[in-house]
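Input: a single structure, listed below in structure tokens.
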Amino acid sequence: MDTENSGYVLLLSLIFILQAVALFLQYLVNRTYPGPGWWMLGAVALATGFIANSARTHPVFGDAAVVANNALFTGGFVLLYIGIMRFFGRRERIALVIAYWLVVTLLAAYFTYVQDDQALRRVNHSLSLAVFGLLIGWRILQCKTRSTQISASFLAGVFLIFGLFFFLRVLSVIFVDPEAGGATVSFIATGTYVVSLYFSMLWTLGLIVMVNQRLSEESREARDNLALIFDTIPDPIQITGLHDDRIITVNDAFLKLTGYGGAEVIGKPSHEVKIWTNPQDRQHVIDAVMQTGSCDNLEIVFQRRDGAHITGIFSARLISINGAPHIVGAVRDISERKRAEAFLRDSEERFRLVVQNSPGIITIWNRVGAVQYISPAPAQSLGTAPAVAPD
């Protein structure tokens, strides 16, 4: 940008520095995606490019500042482009990008030190910005996802318009005589700074919004998936506040097992819902969780809505929700197993009574034919001690 308007240059330098700070803060807040780090470096390069531009009239460092200005501006857009590609999980052709940057820088040096031609420098500089503006806009449209649909479309439009402006600037340099001066040349020069100022703010805003939109959408998707998994688990699960015992949420299996509806339990203390048959069991769970962060495989009797009892194996973990401690507890219903075990014990006891009181001869052999058991009455009549079947 070959102009001596130092006011615009200093303002743009300050704006790009602030944008670099904003992108750096975005990078610190969320390092999930690789893009913001590259964008921050790109903003730093662009800010440094404007600072170099302000030194172009220096009697000693003026030529070096001109070359640095071109190199830093093109390098800033290279970094923005790399960040866009990395953000969408794509890989750029780094060798081709670096080669293009080197060509632009070498041409800037050639038209400064060898053939001092301000118009050709301007063409070289504007063409590089046009190429990367259009390239970045096209890549965003090509790579945008459902989670970034709105912000990516806005951002692509900003870069495409920016690229088109600098392409028109190339044409203006070619077809408008810069030595003639006049309103046209002044309008183009001023417009360059205005476009750079406003569009840089727009793309910084767009980049930050795009990151947060993607993060928000993916967080929502993760919550939806977690809720689906939560309700798909066959074991009843509940999450309650550690201190207030208030039930935060339960899964479908919990409602099915206890017979309650969601509105009857969510948001209410569990002692009011009366799912703990023995309140001391809940206190034992709380004490264990507070001491070790978890409890495992506790056999606890719970109570259904209709008053029926449920025997379950209960495990719990201490978790944090919005900075507050909560307990997530899961129950494995073993009521059927306990009933089966009780039925088996009862059946064995009845069998023993029948055998012991039977007047007939009851004998049990093992697989090899050895006698394992003879009922008492026949054994006494035979004058032998009854054999006892092993457990």
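The values are calculated or read from the model by the stated rules, or taken from the named source; none is laboratory data. Because the structure is predicted, anything quoted here is derived from the model rather than measured. Positions of Cβ are generated from backbone atoms using ideal geometry, with glycine treated the same way; all protein chains shown enter the neighbour counts. Side chains included, ligands, DNA and RNA excluded: accessible areas come from the protein's heavy atoms. Shrake-Rupley method; radii C 1.70, N 1.55, O 1.52, S 1.80 Å.
For the reader, a short list of remarks on this structure follows.
- Remark: L96 matches the filter, which requires a residue to be surrounded by fewer than 15 Cβ atoms within 10 Å (Cβ to Cβ) and free of Cβ contacts under 8 Å to residues at least 40 places away in the same chain.
- Hey, V21 assigned to a helix (DSSP H, G or I) and farther than 25 Å from F167 by Cα or not: yes
- Selection from segment 108-120 of residues that are under 12 Å from A68 (Cα atoms) and out of contact with any Asp or Glu (no Cβ under 6 Å at 6 or more places or on another chain): A108, A109
- Positions within segment 78-95 being over 13 Å from T105 (Cα atoms) and assigned to a helix (DSSP H, G or I), in sequence order: L79, L80, Y81, I82, G83, I84, M85, R86, F87, I94, A95
- Restricting segment 99-138 to residues that are among the aromatic types (F, W, Y) and farther than 27 Å from V158 by Cβ, the residue that is least open to solvent (accessible area, probe 1.4 Å): F111
- Residue pairs whose Cβ atoms lie under 8 Å apart, separated by 6 or more positions or on different chains, with the first residue in segment 301-313 and small (G, A, S) and the second open to solvent by less than 60 Å² (accessible area, probe 1.4 Å), are G312/P236; G312/I300; G312/V301; G312/F302; G312/V331; G312/I334; G312/S335.
- Test result for F343, in contact with a Leu (Cβ under 7 Å, 6 or more places away or on another chain) and either open to solvent by 30 Å² or more (accessible area, probe 1.4 Å) or among the aromatic types (F, W, Y) (or both): no
- Tally of residues being among the hydrophobic types (A, V, I, L, M, F, W, C), within 15 Å of I237 (Cβ to Cβ) and part of a strand (DSSP E or B) across segment 271-297: 1
- For segment 293-327, filtered to residues that are charged (D, E, K, R) and under 35 Å from the mean Cα position of the chain (by Cα), the residue that is least open to solvent (accessible area, probe 1.4 Å) is D296.
- From the list L106, L102, L141, the one residue that fits, being out of contact with any Leu (no Cβ under 7 Å at 6 or more places or on another chain), without any contact (Cβ under 8 Å) to a residue 24 or more places away in the chain, within 22 Å of G35 (Cα to Cα) and of a type outside the set (D, E, K, R), is L141.
- Members of segment 57-79 that are open to solvent by 40 Å² or more (accessible area, probe 1.4 Å) and farther than 25 Å from I208 by Cβ: T57, H58, P59, V60, F61, D63, A64
- Identity of the residue in segment 275-292, surrounded by 12 or more Cβ atoms within 10 Å (Cβ to Cβ) and farther than 21 Å from I334 by Cβ, that ends up farthest from the chain's Cα centre (by Cα): I286
- Residue selected from segment 151-210 under the condition among the hydroxyl-bearing types (S, T, Y) and open to solvent by 70 Å² or more (accessible area, probe 1.4 Å), by the criterion modelled with the highest pLDDT: Y198
- Residue within segment 40-48 that is surrounded by 22 or more Cβ atoms within 10 Å (Cβ to Cβ), under 21 Å from L207 (Cα atoms) and of a type outside the set (G, A, S) present: yes
- Failed criterion for L14 (all others in (1) open to solvent by less than 70 Å² (accessible area, probe 1.4 Å); (2) assigned to a helix (DSSP H, G or I) hold): (1)
- Failed item in (1) open to solvent by less than 10 Å² (accessible area, probe 1.4 Å); (2) in contact with a Lys or Arg (Cβ under 7 Å, 6 or more places away or on another chain), with I82 passing the rest: (2)
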